[in-house]
Amino acid sequence: MKLIARIASPVAALALAALTGVACAPQTSDTGAKQDDKSGTLRVWLFQEVNNRPKEQVVDAAVTAFEKAHKGAKAEVEYIPVETRAQRIKAAFNDPKSAPDLIEYGNTDTAGYVKDGGLADIGAEFDAWDEAKDTDPTARQSVTVGTKVYGAPLFVGVRALYYRTDVFKDLGIEPPRTQAELITTAKRIHRAKPGMYGLAVGGAYTYGAMPFIWANGGELAEESGGSYTAAIDSPAAQKGITSYASLFGDDNCPADKCASMGGNATVTAFASGKAAMAIGGDFSHQAVEAGTVKGAYAVVPLPGLKEGEIAPAFAGGNNLGVLKSSSHRTLAVDLMKRLAGKETQARLFDAMGFLPTYTDVRAEAAQKEPFVKPFIETLGAGAKFVPASPAWGQIDASLVLPTMFQEVVSGKKDVATASAEAAKKMDAAFADAG
């Protein structure tokens, strides 16, 4: 199979890079639990959001139901700052005495955490869980390494195309229907309105660039027999890199300003009125609504090569996992299912805007909030994930892909040279990971 991969918020996107930086920590010693207590206190670590109170209220309801169902059991929930979560989770894997039983973690870290010996295989319980059958395939993929399942997806997120309805009306243009139209439309807008980026792009915006690679038939890596080989330098991937790089320049988004921009900066440029289009996530909605463009924008799926096609998007999100060292495995799995179950995911969508990982719950969410429709359409068209290798943490933390894009858009290297060097770095990381 070919595996290729969002995150809860623009801030979390940066935090995940830090988190994945320790995904290749040394293999832990044997921390497997020797018992499975059916009572006592369960320790839970969840991520602290910018506005955490709504999340706390949803979690509290699930915990109350859990404690009611298990006499003598309690759940102690701690919300850990995203800035320090990498160090804390790494330490927890190596010190079972201070470790939690259940954690929330970024979905690109599954393979690394499995290699570190931190997560328990809960595949039997997952397969026996009635609700799990409605989990979308990409979300299930994010908790799977090889044939084993190491958690439950908590929410998923993808990106689509935000555009200024007032600007498009003023210029008499329609939302682009193909990737080529997207590029020409961006440049047309910038010509007409020189003070505005047609499409805000960033050389450090890896997850905004990936759809261009995938739409052109490229992949990040190929898998064979459990091992990965970089494919970022393939002819198809190079077409996607060239396409994305064509958006940098004085005719759209000047390289001297945009080469260093990440996802946060591109969304901010759009929200503040500096750009007519941006590739943003469902999780960017609140930031855009809080900007000066409120009431003057819409969202459509990012177009593919042909009219009617949707460019594949990175399927980010967070998962819940039971630590291998937990001495409350049965209780931890039950609480995991309650927190990642349909009822709680529906409540988290209402409270936080997190997209559910269940296809049926997501359809209900779209009926409730029309703004999520293009994101759900994007997921339905087939999202992608990062390689399910512990090497991805090293690749991500080493900024291999952002460096490649920045070298190309700044004119320092051509696409063939930059992608070949990136592939070499990726292959070295894959080899180190084993």
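The values are calculated or read from the model by the stated rules, or taken from the named source; none is laboratory data. Owing to the predicted nature of the structure, the values given are computational and were not obtained by experimental measurement. Positions of Cβ are generated from backbone atoms using ideal geometry, with glycine treated the same way; all protein chains shown enter the neighbour counts. Side chains included, ligands, DNA and RNA excluded: accessible areas come from the protein's heavy atoms. Shrake-Rupley method; radii C 1.70, N 1.55, O 1.52, S 1.80 Å.
Tabulated results
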{"item": "Carbon and sulfur %, accessible surface of the chain computed with the full protein complex present, 1.4 Å", "result": "52 percent"}
{"item": "³J(HN,Hα) computed for each position of the stretch 112-123 - Karplus, 6.51 cos²θ - 1.76 cosθ + 1.60, integer Hz, glycine/proline x", "result": "x, 5, 5, 4, 5, x, x, 9, 8, 6, 10, x"}
{"item": "Helix-only CD estimate at 222 nm, as mean residue ellipticity for the chain, using -39500 (n - 2.57) per DSSP H run (n ≥ 4)", "result": "-13000 deg cm²/dmol"}
{"item": "Cα-Cα pairs of the chain separated by more than 43 Å (percent)", "result": "12 percent"}
{"item": "Heavy-atom SASA rank of Arg177, Arg164 (probe 1.4 Å, accessible area, largest first)", "result": "Arg177, Arg164"}
{"item": "Estimated inter-spin distance, Gln367 and Glu83, nm [label 7 Å along Cα→Cβ]", "result": "4.3 nm"}
{"item": "Per-pair calculated FRET efficiency, R0 = 45 Å: Asp37 and Ser224 via Cβ, rounded to 0.05", "result": "0.60"}
{"item": "Positive dipole terminus of the chain, leading residue within Gln141, Ile395, Leu171 (C-beta point charges)", "result": "Leu171"}
{"item": "Gap separating the Cα centres of the stretch 176-194 and the stretch 211-276, nearest whole Å", "result": "16 Å"}
{"item": "Fraction of beta bridges assigned by DSSP in the chain that are antiparallel (%, nearest 5)", "result": "65 percent"}
{"item": "Long pairs among Lys274/Lys384; Lys239/Lys412; Lys90/Lys424, criterion Cα-Cα beyond 20 Å", "result": "Lys274/Lys384; Lys90/Lys424"}
{"item": "Mean accessible surface per residue for the stretch 154-260, computed with a 1.4 Å probe while every protein chain stays in place, in Å²", "result": "36 Å²"}
{"item": "Heavy atoms of Trp129 accessible to a 1.4 Å probe, total area in Å² rounded to 10", "result": "30 Å²"}
{"item": "Karplus 3J(HN,Hα) series, Hz, for the stretch 243-255 with 6.51 cos²θ - 1.76 cosθ + 1.60 (x for Gly, Pro)", "result": "5, 5, 5, 5, 8, 9, x, 5, 8, 8, 9, x, 4"}
{"item": "Stretch gain in nm, segment Ser98-Asp60, where the contour uses 0.36 nm per residue and the Cα spacing is subtracted", "result": "11.4 nm"}
{"item": "For the stretch 319-434: accessible area per residue (Å², 1.4 Å)", "result": "38 Å²"}
{"item": "Student exercise, the stretch 145-254 dipole from Lys, Arg, Asp, Glu Cβ charges, in Debye to nearest 20", "result": "320 debye"}
